[in-house]
């Protein structure tokens, strides 16, 4: 049990006893949205050739995604970069070409479609898979529930302390501080090549937590 009680002067002329407790809560929800970071990397002797090849592969990937129902609004550029490539030998550097990297973020509402999107992007032109993120569209509503549960947890702790001390407790706190929130996710993803069936991507529950500190009077 986490709890700390102490003397607190609530009002200037009322020296009332008070105790402070921390309340915590964590709720688990299933994701209803997934974002995949997929990229196209090209290397050529000239920057023009690298850009041209990258653009072609990127367009091929986007067209392939369109064929399975993914719209332009679901595909966004996450980053785009062009870098020279050098060969280092005996303390000297020689320019040997250029690298172009275009990363896309693809967002899908149907989590079950994630494997199909992943496979389609990689067979359609992408050659780099960086990240998979599961989320909920409206995390705030779940956080509000966790916050409510955290306050109830604080009230339960305060009641336990008051009962232990055998003193009456005012169950409505006179001060509350929202301390922290946390949003974590666990998922499993496996890629087994460009098979006919979609890559199995299996999301687990998301964890949304809240914490408060509350002050209660007792007499």
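Assorted remarks:
Yes or no, residue by residue, for (1) in contact with a strand residue (DSSP E or B) (Cβ under 6 Å, 6 or more places away or on another chain); (2) exposed (fewer than 14 other Cβ atoms within 10 Å of the Cβ); (3) free of Cβ contacts under 8 Å to residues at least 60 places away in the same chain; (4) under 30 Å from residue 99 (Cα atoms):
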{"position": "124", "(1), (2), (3), (4)": "no, no, no, yes"}
{"position": "130", "(1), (2), (3), (4)": "yes, yes, no, yes"}
{"position": "137", "(1), (2), (3), (4)": "yes, yes, no, no"}
{"position": "140", "(1), (2), (3), (4)": "no, yes, yes, no"}
{"position": "152", "(1), (2), (3), (4)": "no, yes, no, no"}
{"position": "163", "(1), (2), (3), (4)": "no, yes, yes, no"}
{"position": "170", "(1), (2), (3), (4)": "yes, no, yes, no"}
{"position": "173", "(1), (2), (3), (4)": "yes, no, yes, no"}
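- Residue match in region 10-27 (condition: touching a residue at least 24 places away in the same chain (Cβ under 8 Å), surrounded by fewer than 15 Cβ atoms within 10 Å (Cβ to Cβ) and more than 30 Å from residue 138 (Cβ to Cβ)): yes
- Residue in region 176-190 that is outside any strand (DSSP E or B), under 29 Å from residue 73 (Cα atoms) and either touching a residue at least 60 places away in the same chain (Cβ under 8 Å) or in the same structural domain as residue 23 (by TED's automatic domain parsing) (or both) present: yes
- Residue check, residue 110 within 24 Å of residue 204 (Cβ to Cβ) and surrounded by fewer than 17 Cβ atoms within 10 Å (Cβ to Cβ): yes
- Conditions (1) at pLDDT below 95; (2) outside any helix (DSSP H, G or I); (3) surrounded by 16 or more Cβ atoms within 10 Å (Cβ to Cβ); number of the one not met by residue 115: (2)
- Considering the conditions (1) outside the structural domain of residue 180 (by TED's automatic domain parsing); (2) modelled with pLDDT of 95 or more, residue 23 is excluded by exactly one of them, (1).
The values are calculated or read from the model by the stated rules, or taken from the named source; none is laboratory data. Since this is a predicted model, take the numbers as computed values, not measurements. Backbone-built Cβ (ideal geometry, glycine too); neighbour counts: all protein chains shown.
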